[in-house]
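Remarks on the structure that follows.
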Amino acid sequence: MDVSFPLNSGKNRKFRKKQNAKKSRKRIEDLPDPIIQHILSYLSTEEAVRTSILSKRWKYLWTSIPKLDFDEGELDRRMMFMKFVERVLALHDPSDIKNFSLSCNVQYDTSRINAWICSVVEHKVQELDLYLRNFQEPLALPPCLFTCESLEVLVLHMFHSLKLPSSISFSSLKFLALEKVIFSDDHSTQQLFTGCPILEDLSIIDCIWKNVKAVFDASIQFFKRDAEYDFLDAHRVFKLLSGLGNVETLTLNVGALEVLSYAKELFAHLPVFYKLTRLNFESAFPIEFDREALLTITRNSPCLNYLSFGTVALFELQLVCLPTYCGNHDGIMNPVPSCFVTNLKTIEIFGFCGDEKEMHAVKILLGNASVLERIVIICDEFYFEFHGDLKKKPKEIFEQILLFPRGSRSCTVHFLLGICNAPRVTVTLVTCNGTFIPMNI
């Protein structure tokens with residue numbers, strides 16, 4: 001009896017589909033454990049654990065994944081969440097846990113959460129992200145965390161006071177991010193920063209400093225700070241900057257400059273940033289700040305080769321924040337910062353609107369940067385429409401910029417115009433001789 005099927009019959013197609021599925025399944029199962037575990041590390045921890053039901057072989061494969069992330073989510077699942085974290089950590093094999101992320105409400109379970117942290121420290125954790133909320137302050141994290149030799153990246157979102165141990169030694173820590181942490185003790189705060197001998201990147205966002213005389217003195221390569229300046233006066237900003245003499249890249253929210261303007265007597269005592277090559281001023285809104293603070297930092301950066309104004313937040317270009325002025329300030333650049341004459345090659349301006357103050361700022365920058373190679377002006381059409389000079393079109397504004405005197409004859413102006421997140425952006429390159437070359441990207 002002939003049981004063969006015609007080549008294109010529906011039964012034959014189903015048969016081939018089943019055979020291909022078996023082959024595909026076989027190929028996955030033939031992969032070595034380390035590769036499967038690497039694949040599992042791209043899943044959420046909850047999804048990775050669920051793969052244990054696939055087969056006997058898969059039952060414990062997830063126990064070796066090097067990346068664990070836990071997010072409590074809804075409070076009504078709290079007990080289930082706590083038990084899940086403890087089960088995962090208890091079943092994890094002795095291999096290293098390279099990345100551990102925890103977001104949860106602490107409440108009255110400090111001891112349990114500290115036990116989790118101790119567990120990942122024993123597994124030689126390299127990157128640790130802690131987003132902790134709703135706890136009895138101050139929170140005392142386990143001492144073993146602050147002497148962890150394997151830790152290279154530490155992110156703390158606390159929203160409350162942090163109680164630091166007497167001994168702190170982050171011998172391998174290169175990146176430290178602190179957000180909404182309340183520091184209330186000068187001695188322990190000093191120990192935290194001095195206990196990071198090879199720290200390269202530091203981010204401080206919305207932290208509060210109580211009874212802290214100075215912040216730190218560290219040789220880091222990149223520093224970014226942002227804060228609610230209700231809690232940080234000009235003297236503390238000054239002391240913060242005073243410890244950054246060896247920084248190579250510096251990003252400042254313009255609020256820092258605004259605060260410094262309240263203590264102009266400190267300007268003369270700011271450090272010289274001999275290693276600083278990239279300086280960024282960020283703002284989500286157009287803030288009028290004292291130009292003297294900006295110029296002082298720029299004058300104290302003799303090796304600066306890149307300068308930018310503006311910010312990108314949530315993938316949207318925000319409004320530019322350029323030096324503002326009132327009246328006639330032709331001598332605003334007297335004396336001209338030395339970097340403008342020797343090293344400054346690139347200036348970038350984000351969220352340009354083209355109003356009178358911004359145009360004057362561009363004129364000052366172009367006229368005094370004698371070795372400038374290019375200035376990039378990025379204008380978002382949405383912000384231009386609602387905040388720009390509606391009497392002029394973008395091309396007219398940039399034709400006006402072309403007429404500004406230039407300290408560098410070889411400088412080119414790059415004008416980028418488009419809508420944020422749009423698939424097409426029109427880029428107009430304005431050469432030194434005033435030629436417009438429109439391109440679509």
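The values are calculated or read from the model by the stated rules, or taken from the named source; none is laboratory data. Since we're looking at a predicted model, the values are computed, not measured. No Cβ is skipped: glycine too gets one built from the backbone with ideal geometry, and neighbour counts run over all protein chains shown.
Here are a few things to note about the model shown:
- Against the list (1) under 16 Å from Leu192 (Cα atoms); (2) out of contact with any Pro (no Cβ under 6 Å at 6 or more places or on another chain); (3) surrounded by 19 or more Cβ atoms within 10 Å (Cβ to Cβ), the condition Val155 fails is (3).
- Restricting attention to the range 183-210, the residues being within 19 Å of Asp129 (Cβ to Cβ) and not polar (S, T, N, Q) number 10.
- Selection of the range 331-363 for residues being modelled with pLDDT under 90, crowded, with 20+ Cβ neighbours inside 10 Å, assigned to a helix (DSSP H, G or I) and not small (Gly, Ala, Ser) yields Glu358, Val362.
- Criterion (within 27 Å of the chain's Cα centre (by Cα), surrounded by fewer than 17 Cβ atoms within 10 Å (Cβ to Cβ), at pLDDT below 90 and β-branched (Val, Ile, Thr)) met by exactly one of Ile39, Ile35: Ile39
- Meets criteria (among the acidic types (Asp, Glu) and either within 17 Å of Phe183 (Cα to Cα) or free of Cβ contacts under 8 Å to residues at least 24 places away in the same chain (or both)) for Glu152: no
Residue by residue, here is whether (1) out of contact with any Lys or Arg (no Cβ under 8 Å at 6 or more places or on another chain); (2) surrounded by fewer than 19 Cβ atoms within 10 Å (Cβ to Cβ) holds:
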site: Ile97; (1), (2): no, no
site: Cys118; (1), (2): yes, yes
site: Ala140; (1), (2): no, yes
site: Thr147; (1), (2): yes, yes
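- Candidates Ile168, Ile182, Ile205 - the one that is farther than 25 Å from Ser64 by Cα, surrounded by 16 or more Cβ atoms within 10 Å (Cβ to Cβ) and touching a Gly at 6+ places or on another chain (Cβ under 6 Å): Ile168
- Each residue in the range 272-322 was checked for being at pLDDT 50 or above, under 21 Å from the mean Cα position of the chain (by Cα) and not in a loop (DSSP other than H, G, I, E, B), and 9 of them qualify.
- If you check Ile65, Ile53 for being β-branched (Val, Ile, Thr), surrounded by fewer than 16 Cβ atoms within 10 Å (Cβ to Cβ) and either over 25 Å from Ala177 (Cα atoms) or without any contact (Cβ under 8 Å) to a residue 40 or more places away in the chain (or both), only one passes: Ile53.
- Members of the range 165-184 found to be assigned to a loop (DSSP other than H, G, I, E, B), out of contact with any helix residue (DSSP H, G or I) (no Cβ under 6 Å at 6 or more places or on another chain), at pLDDT 90 or above and closer than 17 Å to Val155 by Cβ, listed by number: Phe170, Ser172, Leu173, Lys174
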